[in-house]
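The values are calculated or read from the model by the stated rules, or taken from the named source; none is laboratory data. Computed from a predicted model, the values in this text were never measured in an experiment. Counting neighbours? That spans all protein chains shown, and the Cβs are built from the backbone with ideal geometry, glycine included. Areas reflect the complete protein model, heavy atoms only, side chains present, ligands, DNA and RNA absent. Shrake-Rupley method; radii C 1.70, N 1.55, O 1.52, S 1.80 Å.
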Amino acid sequence: MQRALRLLEAVGAHPEGAPAKQLAREAGLPLPTTYHLLRTLSHEGYLCRRNGVFVFGAAADSLGRAGEQRHRRQELSGALSVLGKRLNAAVYFAVYREGEVEVVAAGGTPERPPVEQWVDFRSTAHAHAIGQCLLAQLDAATRKEHLSRYPVQSITPFSVRSKDDLLHRLDTVRRGQVAYEEQEYALGTVCSAIPVQVGSVAAALAVSLPVEELHRLRSVTARLRKMAEATLTTLAFSISI
């Protein structure tokens with residue numbers, strides 16, 4: 001592995017590509033070893049040979065994108081942690097992408113950590129504020145298709161009971177531009193979510209608090225809405241994560 005990495009580093013030093021003998025010399029590898037590694041790396045898509053020289057292949061590009069995505073996710077988690085400290089709450093950023101609810105990142109404090117996903121968020125959008133906020137932003141056909149895959153079912157004694165109840169709730173969310181839920185997904189936790197505009201993607205910012213702090217939820221949500229504009233650049237940049 002170390003030899004393969006040294007060889008990839010040597011290729012990376014030549015954007016226009018380099019021949020095997022030059023790569024062997026720069027990587028400090030015997031020529032037979034270099035040829036063997038070049039064949040293996042090319043077979044796996046990390047390198048390709050063009051006009052007698054070796055350059056990075058598609059698989060190497062995907063490695064770079066993966067690293068960039070991790071960096072973006074870390075940046076977003078950091079931004080949410082800052083919001084969490086200011087609000088004394090756990091903060092989440094989520095999107096609806098390719099038919100699924102996706103919590104892109106979350107941040108909080110030791111005293112207010114993000115809620116543990118004890119039931120997959122993707123299949124329980126009806127039961128949490130994040131999902132309700134995202135579903136409310138979808139067109140009727142997309143929402144209907146989602147609920148056909150993930151029917152409404154009670155997660156806790158406080159969850160919405162039926163599809164009709166959910167659709168009525170979503171109408172309220174659309175009018176008020178905020179979703180509130182009390183212990184519908186996780187007992188002991190209350191949550192709110194607001195829609196955010198980041199291009200054409202349905203997205204939401206959310207907060208959660210212990211149920212004992214229900215009295216803070218509306219004021220914290222109002223503060224989150226005011227802070228959201230300053231965070232939108234980071235959020236929009238993170239849609240591609």
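Every condition in (1) of a type in the set (G, A, S); (2) out of contact with any Phe, Trp or Tyr (no Cβ under 6 Å at 6 or more places or on another chain); (3) at pLDDT 95 or above holds for A206 except the one numbered (2). Looking only at residues that are of a type in the set (G, A, S) and surrounded by 12 or more Cβ atoms within 10 Å (Cβ to Cβ) in region 18-54, which one is nearest to L5 (Cα to Cα)? Step by step, filter region 18-54, then rank; the result is A27.
Of the residues screened, A79 is one that is touching a strand residue (DSSP E or B) at 6+ places or on another chain (Cβ under 8 Å), closer than 22 Å to A202 by Cα and open to solvent by 10 Å² or more (accessible area, probe 1.4 Å). Filtering region 139-179 to residues that are of a type in the set (S, T, N, Q) and in contact with a strand residue (DSSP E or B) (Cβ under 8 Å, 6 or more places away or on another chain) leaves only Q177.
Inspect all residues belonging to region 187-198 and state whether any of them is within 21 Å of R86 (Cβ to Cβ), in a loop (DSSP other than H, G, I, E, B) and either charged (D, E, K, R) or open to solvent by less than 40 Å² (accessible area, probe 1.4 Å) (or both). No, that holds for no residue. Scan region 108-166 residue by residue and report those that are among the hydroxyl-bearing types (S, T, Y) and either open to solvent by less than 80 Å² (accessible area, probe 1.4 Å) or not in a helix (DSSP H, G or I) (or both). Answer for region 108-166, where residues must be among the hydroxyl-bearing types (S, T, Y) and either open to solvent by less than 80 Å² (accessible area, probe 1.4 Å) or not in a helix (DSSP H, G or I) (or both): T109, S123, T124, T142, Y150, S154, T156, S159, S162.
Do we find a residue being farther than 30 Å from C48 by Cβ, at pLDDT 90 or above and of a type in the set (S, T, N, Q) anywhere in region 106-114? No. The test for being without any contact (Cβ under 8 Å) to a residue 60 or more places away in the chain and touching a His at 6+ places or on another chain (Cβ under 9 Å) holds for Y150. Taken over region 81-107, the criterion of being in a helix (DSSP H, G or I), aliphatic (A, V, I, L, M) and farther than 17 Å from T189 by Cβ is satisfied by V82, L83.
When Y92, Y96 are checked against the criterion of being touching a strand residue (DSSP E or B) at 6+ places or on another chain (Cβ under 9 Å), closer than 24 Å to H168 by Cβ and either of a type outside the set (A, V, I, L, M, F, W, C) or at pLDDT below 90 (or both), Y96 stands alone in meeting it.
Of all residues in region 1-17, exactly one satisfies the criterion of being assigned to a loop (DSSP other than H, G, I, E, B) and open to solvent by less than 40 Å² (accessible area, probe 1.4 Å), namely G17.
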